[in-house]
Each structure stands twice: as C-alpha cells, then as structure tokens.
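> One structure is given below, represented as structure tokens, and several questions about it will come after.
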Amino acid sequence: MMDVIYYTYKVPEGERHDSAVKRNKEALTAEIKLWEGYLQKGSGSFLAGKTFSLADVIVYPGIAYFFRFGLCEERYPKLAAYYNTLKNRPSIKASWPPTWLDSQGQDTLKDI
C-alpha cells in the first residue's frame, strides 16, 4: 500500500515511471485480493474467527488506510464490511485519528 501512496505523493510527477506505478498497483491489488479472500473464507466477522482479537488490532489500521485513500467498497465487499463493522467499535472510535474526523480522504486507491 505504501509503495502506491508514497510513490504518488513523494515522487514528482515528471520523475515517475509508468512501469513502477503499474508494478506497485499490481502488487497492492494482489495483496488486497488476498485479504478479501481471507475474509470470504473466514468463519466470522473478524480475521481470526467470531471474536475481536489481536489479529484485528494489528491488521485493521492498514485496512482503514486502504479506505481512507479511496479503495472502492463495491469492489471489495468483504473487506468493506469488515472495515465498517470495526469502525463502529468504541475502542476504534476512541483512537480514530483526529484529522480523519474533519477532513476528506484521498482517491489514490480508487482504481485498485
């Protein structure tokens, strides 16, 4: 994920290489499809089963970044359901980045 986001924001547009953009997006797409598949095969609403666990604590911030940067919820319905379910947990609401509350996300990942 960071390869796509950082490359977009840190490398000046005139210095970007189409092959690097394509490679980074393909790698990220493959990773996101893996997470979508894990959730599809899972036996509950959480990564490691039916209850919230350390696995969710570790992985959820990355998933939140996916959607903050414009990942399409319709394209990844299981990942979107997981994101939205956990987003409503009191512990996650309490630790949500304050800047995310008063600002719009980006659209960097809209094509992934």
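> Quick one: is ILE92 free of Cβ contacts under 8 Å to residues at least 60 places away in the same chain, assigned to a helix (DSSP H, G or I) and surrounded by fewer than 12 Cβ atoms within 10 Å (Cβ to Cβ)?
It is false that ILE92 is free of Cβ contacts under 8 Å to residues at least 60 places away in the same chain, assigned to a helix (DSSP H, G or I) and surrounded by fewer than 12 Cβ atoms within 10 Å (Cβ to Cβ).
> Quick one: in the range 54-79, of everything that is at pLDDT 95 or above and among the hydroxyl-bearing types (Ser, Thr, Tyr), which residue is surrounded by the fewest Cβ atoms within 10 Å (Cβ to Cβ)?
Once the filter is applied, the top-ranked residue is TYR60.
> OK, next. Can you report the number of residues in the range 66-78 which are in a helix (DSSP H, G or I) and under 19 Å from VAL4 (Cα atoms)?
Filtering the range 66-78 down to residues in a helix (DSSP H, G or I) leaves 66-68, 77-78.
Applying the additional criterion that residues be under 19 Å from VAL4 (Cα atoms) yields 66-68.
Looking only at that region, the number is 3.
> State which residue is farthest from TYR7 (Cα to Cα) when the search covers only the range 36-58 and only residues that are touching a Phe, Trp or Tyr at 6+ places or on another chain (Cβ under 8 Å) and not in a loop (DSSP other than H, G, I, E, B).
In the first step, residues of the range 36-58 are kept if they are touching a Phe, Trp or Tyr at 6+ places or on another chain (Cβ under 8 Å); the result is 36, 39, 45-47, 52-53, 55-56.
Applying the additional criterion that residues be not in a loop (DSSP other than H, G, I, E, B) yields 36, 39, 46, 55-56.
Working: GLU36: 24, LEU39: 28, PHE46: 31, ALA55: 28, ASP56: 27 Å.
Within the range 36-58, the match that is farthest from TYR7 (Cα to Cα) is PHE46.
> Please indicate, with yes or no, whether at least one residue in the range 6-27 is touching a Ser or Thr at 6+ places or on another chain (Cβ under 8 Å) and modelled with pLDDT of 90 or more.
No, the range 6-27 contains no residue that is touching a Ser or Thr at 6+ places or on another chain (Cβ under 8 Å) and modelled with pLDDT of 90 or more.
> Could you list, ordered by first residue, the pairs with Cβ atoms under 8 Å in which the first is in the range 17-33 and under 20 Å from TYR76 (Cα atoms) and among the charged types (D, E, K, R) and the second is at pLDDT below 95 and surrounded by 15 or more Cβ atoms within 10 Å (Cβ to Cβ), at least 6 apart or interchain?
That search, which allows pairs on different chains as well, returns LYS25/VAL4; LYS25/ILE112; GLU31/MET1.
The values are calculated or read from the model by the stated rules, or taken from the named source; none is laboratory data. All of these numbers come straight from a predicted model, not from anything done at the bench. When we count neighbours, we look across all protein chains shown, and the Cβ atoms used for this are built from the backbone with ideal geometry, even at glycine.
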